[in-house]
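Have a look at the structure below before the remarks.
The values are calculated or read from the model by the stated rules, or taken from the named source; none is laboratory data. None of these values were measured; they are calculated from a predicted model. Neighbour counts are summed over all protein chains in view; Cβ atoms, including those assigned to glycine, are modelled from backbone coordinates with ideal geometry.
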Amino acid sequence: MGQTHKVLKETWERQIADLGLSAPLAAMLRTICEQPGSGLRELARRLRTDPMNAKRLVDHLEHEGLVTSSEANSHAQRREVSPTSDGLARVAGLVERSAVLRRQLGELLGESELEYLQELLVRLEDALVDDPASARPRGDHASASDAKPDTTRPRREDRGMKTRNGEHEF
């Protein structure tokens with residue numbers, strides 16, 4: 001699976017290279033556009049990354065003029081992040097490229113196989129999020145019943161990603 005992930009990420013990065021974004025920057029920008037006004041911790045949670053990485057990505061997007069941030073009225077340390085008009089235009093390009101890549105994958109695998117693969121990946125991700133013990137290597141004797149579901153991390157459907165209708169986010 002690691003090799004497949006690497007090839008898919010490289011393919012996606014070639015698709016978006018002319019937009020001047022890496023895959024992580026693209027994911028952050030799309031997330032900001034889906035939830036304008038979100039704070040860094042919420043963005044980190046939605047992208048399943050740590051807050052410092054989210055801060056680095058937001059800082060880079062802000063430097064490029066694709067997002068703006070401001071202190072929240074409710075909390076002095078909270079940064080609220082929103083897209084600029086340039087950021088929204090860049091996301092339109094990402095959405096277009098995502099649709100192109102999805103069509104290409106559909107042609108390679110067939111539509112029904114691609115949809116089935118997406119469903120399996122969603123189920124795997126949800127299972128690993130709900131039961132992190134299931135990802136432990138053999139030999140780790142902690143019981144799966146000892147693990148508690150991770151309720152701090154959103155399930156894919158809670159993150160606003162469409163999964164069964166061909167609009168999977170790359």
Discussion item. I'd like to know if the stretch 57-71 contains one or more residues that are within 29 Å of Gln118 (Cα to Cα), surrounded by fewer than 16 Cβ atoms within 10 Å (Cβ to Cβ) and more than 17 Å from the chain's Cα centre (by Cα).
Written reply: no
Worksheet item: So is Ala76 of a type in the set (A, V, I, L, M, F, W, C), out of contact with any Leu (no Cβ under 8 Å at 6 or more places or on another chain), over 19 Å from Glu125 (Cβ atoms) and modelled with pLDDT of 95 or more or not?
Response: no
Discussion item. Go through the stretch 36-68 and report how many residues are at pLDDT below 95 and closer than 13 Å to Leu21 by Cβ.
Written reply: 0
Worksheet entry | Search result, residues across the stretch 1-49 that are surrounded by fewer than 13 Cβ atoms within 10 Å (Cβ to Cβ) and of a type in the set (Val, Ile, Thr) | Thr4, Val7
Worksheet item: Which members of the stretch 87-130 meet the condition of being more than 18 Å from Glu13 (Cα to Cα) and acidic (Asp, Glu)?
Response: Glu107, Glu111, Glu113, Glu115, Glu119, Glu125, Asp126, Asp130
Worksheet entry | Pairs where the first residue, in the stretch 85-112, is exposed (fewer than 12 other Cβ atoms within 10 Å of the Cβ) and the second is part of a helix (DSSP H, G or I), C-beta under 7 Å, 6+ apart | Val100/Gln15
